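What follows is one structure encoded as structure tokens, with my remarks underneath.
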């Protein structure tokens, strides 16, 4: 793959060893969500590509295994939960440059929560309410849950080989059957995961990934929309005053026909969509920002500048003083 990730929990300031301790993988109430940092730890994350160090940053993890703003906000009137994958977690960035922290800094009436997880997506977010007491750890009672979608989340939900060749074996695996969510346990329990790992072992990763379909079927798009609606129901079961919004992250494009069909299916399922792409592009043009400045070179994760622009867009799109998002 030409890259190396190091996740090492330690307290000292010295450089971490090139190992990943076994106790770094934590079982949470008997159900793991994949490679997740230990509660209450300091985690140093590094990435190297072809011998070049792209970044090394420190993550401070709370007692619920979340990367969150260290400062609680006693003035907060509403919570804003940022849910998604490494784009939300803040891969490649210090805490202060992650999207949830920047948003809370600009919006003192909000309490931000970071529910991003490297390698995550709908498959991990569905598991989260099962293993964490959301109604106990989210304050204030009312607010927003923003699910930031990337096209790769569909690859992860539908177990594409381009996901399985690197997926943590303990990631959750779900499917939709007759409109209902079926929990299949962990990806390691599947034949596809075994095949993907053997392909990686024998250097056949490109060949196995080539077996993935180029596009998603209408049924897959409909099933994904059903799963998002079920996530919304799970969140609002525990947090009944929380407004759920589906947000397509503006940094990565989705196939236009797939996107149109997915948005249609989401609306059919009663999922509210928060449109940010048009505003983001307009702000990028207004500020004279180059596209290459929005993602980390040779990596692809959002830069601090990207998160600053998105913070401005979200601030204008969400009215924290009312029960509804501002009209488009």
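The values are calculated or read from the model by the stated rules, or taken from the named source; none is laboratory data. Keep in mind that this is a model prediction, so the values were computed, not measured. Quick reminder, even Gly has a Cβ in these numbers, built from the backbone with ideal geometry, and neighbours come from all protein chains shown.
Remarks
- Residues of the range 150-160 that turn out to be assigned to a loop (DSSP other than H, G, I, E, B) and buried (at least 18 other Cβ atoms within 10 Å of the Cβ), as a count: 4
- Whichever residue in the range 266-277 is under 21 Å from the mean Cα position of the chain (by Cα) and in a helix (DSSP H, G or I) and, among such residues, is surrounded by the most Cβ atoms within 10 Å (Cβ to Cβ): 266
- Any hit, the range 203-213, residues being at pLDDT below 95, at negative phi, under 21 Å from the mean Cα position of the chain (by Cα) and surrounded by 14 or more Cβ atoms within 10 Å (Cβ to Cβ): no
- For the range 106-131, the tally of residues that are free of Cβ contacts under 8 Å to residues at least 60 places away in the same chain and on the phi < 0 side of the Ramachandran plot stands at 8.
- One residue stands out in the range 164-177 among those that are within 21 Å of residue 130 (Cβ to Cβ) and out of contact with any strand residue (DSSP E or B) (no Cβ under 8 Å at 6 or more places or on another chain): the one that is modelled with the highest pLDDT, namely 177.
- Helices (runs of 4 or more DSSP H) wholly inside the range 161-264 that include at least 2 residues being within 16 Å of residue 123 (Cβ to Cβ) and touching a residue at least 40 places away in the same chain (Cβ under 8 Å): 161-164, 218-238
- Residue 148 passes every criterion in (1) modelled with pLDDT under 90; (2) touching a strand residue (DSSP E or B) at 6+ places or on another chain (Cβ under 8 Å) apart from (1).
- Within the range 149-160, the set of residues being touching a residue at least 60 places away in the same chain (Cβ under 8 Å) and more than 13 Å from the chain's Cα centre (by Cα) comprises just one member, 158.
- Checking each residue in the range 252-276 for being at pLDDT below 95 and under 30 Å from residue 49 (Cβ atoms) picks out 252, 253, 254, 255, 258, 259.
- Evaluation of residue 160 against the conditions (1) in contact with a strand residue (DSSP E or B) (Cβ under 9 Å, 6 or more places away or on another chain); (2) over 20 Å from residue 103 (Cα atoms) shows that the sole unmet condition is (1).
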